[in-house]
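Here the structure comes first, spelled out in structure tokens, and everything after it is commentary.
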Amino acid sequence: MARNDWDGRQFPHPGHRRPVIGDLLTVDRSRPIQSMLEASRGLGPIWELQVLRQRLVFVGSAALTAELCEETRFCKALPPAVAALRDYAGDGLFTAHNDEPNWQLAHELLVPAFTKSAMRSYHPTMVETASELFDYWDRQLAHGPVDVSRDMTKLTMETLTRSAFSQDFGSFRSAEPHPFVAAMVTALETGRRKGTVRTLPGGGALAWLLDRRFARHQDYVDDMLDDLIAARTGSDDQHDLLGIMLNVAHPETGERLSPVNIRYQILTFLVAGHETTSGALSFALHYLSRNPECLARARDEVDGLLGDDPTAMPEFEQVAKFRYVRRVLDESLRIWPTVPGFARGPRESTLLADEYRMDPDDYAIVSLGAVHKDPEVWEEPDRFDPDRFLPENVKKRPPHSYKPFGAGLRACIGRQFAIHEAVLVLATLVHRFDIQADPDYDLRVTERLTMLPEGFELTLRPRTRTAVPTT
Ligand code: MNH
């Protein structure tokens, strides 16, 4: 574990630090990330929190973030909460240490499967899954408003299981989640709680208890994936991510991923890819439902490209043309980055901001909630304004002031996947339905592994052909 002592330096911290527990009382356990961010107001661009035995140093300015993103000097670090996920994601892409050989190998084998053009092969699956959700909503309309975060999470999970290993869990055909999905969610939640618990005195024992209680969920998930991997071994199809991982050897070394590592990668895609994208979709829908002029612009754009059939779905090439919808997504991820931060440490001892000595076992957490609202860069940072992402406006900003997908070599490999899916779903949703939020709803954000709107409902009304202007 990183020592993180920063050469003995102390940074500003919220008041009332106590012996032993440190700043624990400033952290609201039901919304730790939001409460830590609120407590940092007024502390400047770099601050710290001491939570029991764990010390966290955060940066919140675009300038310090730009420096930490310099790949020659800094690289990804794994703070304890991320390292805790290694129990089930092992040396998969997200949780691998920079120097673990499986990171390099998996990265090189999988990058081609995540390029923009590779999205062409996932596009039909994304279209089909979104259509199933919309058909399900059509059948649900009489039952009142829909729970947006819940249904978006089902959607992104279903898209991923189909794209990653061609498994259809029928999320929109039955009321109960498939046992695999339920077990996955429980195993994930346990992993997250273990990450928190380990920092407590005696936390090792608590983590062990959690392990004992939830091991069967993890075993079920692992067994199912191992069976699936075994069943596909020997066939040479490469039509999904599993097929690529089983059948593509490294062009120079001939190396392949081991079956266990393939299981880690699949779990990683499911974990890293489903709640993150569903949160982004849900926040975007929240802001669209609150900003009628933005909704009208988004809809005009989509109507212009898809025409007057409300159930029309786009071709692959059309998705990139939903420019305004894309800006809505970008702006939503600015205000609510669903992955709230990432950690960076120096490759060799160095001075951050010419001032703070960092050694290789120190790390700083880039607090995206702060960086994306840095007043040096963003005017009226709390206002929702997708036009901030017009190309001419993007050019005016320093390059590292917006980092929802992380930085450098270890940045998000699924970025294009998430963007293609989210733009496709947002565009087709506003084309097919009128959306109406409860005017009394105030955005509440729940924190799981990622950030999601909580209790956010939309009343949907199908648009009719005549309501959609002909083009
Ligand atoms: Mn994703 C890494 C954000 C969607 C798979 N992702 C990261 C990081 C951020 C991130 C930030 C860097 C973390 C770090 O430095 O520690 N990811 C997102 C967001 C979305 C998202 C905001 C959606 C919106 N991610 C996806 C999807 C997938 C995916 C979809 C897979 C299908 N992400 C990954 C993987 C990594 C990652 C794998 C780790 C990459 C690496 O380290 O090599």
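The values are calculated or read from the model by the stated rules, or taken from the named source; none is laboratory data. Worth saying up front: this structure is predicted, and the values here are computed from it rather than measured. Glycine gets a Cβ as well: all are built from the backbone with ideal geometry, and neighbour counts include every protein chain shown.
May I ask you to verify whether GLU380 is assigned to a loop (DSSP other than H, G, I, E, B) and without any contact (Cβ under 8 Å) to a residue 12 or more places away in the chain?
yes
Looking only at the stretch 331-356, which residues are in contact (Cβ under 8 Å) with a residue 60 or more places away in the chain and part of a helix (DSSP H, G or I)?
Of everything in the stretch 331-356, those that are in contact (Cβ under 8 Å) with a residue 60 or more places away in the chain and part of a helix (DSSP H, G or I) turn out to be LEU333, ARG334.
Would you pick out the residues in the stretch 403-449 that are away from the ligand (no atom under 14 Å from the Cβ), in a helix (DSSP H, G or I) and either among the basic types (Lys, Arg) or farther than 20 Å from PRO314 by Cα (or both)?
ARG432
Using the structure shown, decide if GLU447 is charged (D, E, K, R), at pLDDT below 95 and over 30 Å from SER121 (Cβ atoms).
When the stated conditions are applied, GLU447 passes them.
Condition (residue is within 22 Å of GLN50 (Cβ to Cβ) and among the acidic types (Asp, Glu)) applied to the stretch 349-359: is it met by at least one residue? Give the steps one after another, and end with the answer.
Within the stretch 349-359, the subset within 22 Å of GLN50 (Cβ to Cβ) is 352-353, 355-359.
Applying the additional criterion that residues be among the acidic types (Asp, Glu) yields 355, 359.
Among the residues of the stretch 349-359, at least one is within 22 Å of GLN50 (Cβ to Cβ) and among the acidic types (Asp, Glu), which makes the answer yes.
Could you say whether any residue in the stretch 383-390 is without any contact (Cβ under 8 Å) to a residue 24 or more places away in the chain and more than 9 Å from the ligand (Cβ to nearest atom)?
Within the stretch 383-390, one or more residues are without any contact (Cβ under 8 Å) to a residue 24 or more places away in the chain and more than 9 Å from the ligand (Cβ to nearest atom).
Does ARG120 satisfy being away from the ligand (no atom under 14 Å from the Cβ), more than 21 Å from the chain's Cα centre (by Cα), among the basic types (Lys, Arg) and surrounded by fewer than 22 Cβ atoms within 10 Å (Cβ to Cβ)?
Working: away from the ligand (no atom under 14 Å from the Cβ): yes; more than 21 Å from the chain's Cα centre (by Cα): yes; among the basic types (Lys, Arg): yes; surrounded by fewer than 22 Cβ atoms within 10 Å (Cβ to Cβ): yes.
The answer is yes for ARG120.
Considering only the stretch 264-294, state which residues are out of contact with any Gly (no Cβ under 9 Å at 6 or more places or on another chain) and within 9 Å of the ligand (Cβ to nearest atom).
LEU270, HIS274, GLU275, SER278, GLY279, ALA280, LEU281
Kindly establish whether THR161 is touching a Gly at 6+ places or on another chain (Cβ under 8 Å) and touching a residue at least 12 places away in the same chain (Cβ under 8 Å).
Taking the combined requirement at face value, the residue does not satisfy it.
For ARG461, indicate whether it is closer than 21 Å to LYS154 by Cα, surrounded by fewer than 19 Cβ atoms within 10 Å (Cβ to Cβ) and within 14 Å of the ligand (Cβ to nearest atom).
Taking the combined requirement at face value, the residue does not satisfy it.
Within the group ALA183, ALA164, which residue is modelled with pLDDT of 90 or more, within 24 Å of THR276 (Cβ to Cβ) and part of a helix (DSSP H, G or I)?
ALA164
For the stretch 354-373, check the following and say yes or no: at least one residue is more than 16 Å from the ligand (Cβ to nearest atom) and closer than 24 Å to MET451 by Cβ.
yes
Do you know which residues across the stretch 46-74 are without any contact (Cβ under 8 Å) to a residue 40 or more places away in the chain and in a loop (DSSP other than H, G, I, E, B)?
Answer for the stretch 46-74, where residues must be without any contact (Cβ under 8 Å) to a residue 40 or more places away in the chain and in a loop (DSSP other than H, G, I, E, B): just GLU70.
How about the stretch 357-369: which of its residues are surrounded by fewer than 23 Cβ atoms within 10 Å (Cβ to Cβ) and not in a loop (DSSP other than H, G, I, E, B)?
ARG357, ILE365, GLY369 - these are the residues of the stretch 357-369 that are surrounded by fewer than 23 Cβ atoms within 10 Å (Cβ to Cβ) and not in a loop (DSSP other than H, G, I, E, B).
Okay, residues lined up against (1) within 16 Å of the ligand (Cβ to nearest atom); (2) more than 18 Å from the chain's Cα centre (by Cα):
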{"position": "ALA84", "(1), (2)": "yes, no"}
{"position": "ASP91", "(1), (2)": "yes, yes"}
{"position": "HIS97", "(1), (2)": "yes, yes"}
{"position": "PHE134", "(1), (2)": "no, yes"}
{"position": "THR156", "(1), (2)": "yes, no"}
{"position": "THR159", "(1), (2)": "yes, no"}
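Can you go through SER35, SER61, SER40, SER30 and tell me which one is hydroxyl-bearing (Ser, Thr, Tyr) and either in contact with a Lys or Arg (Cβ under 6 Å, 6 or more places away or on another chain) or modelled with pLDDT under 90 (or both)?
SER30
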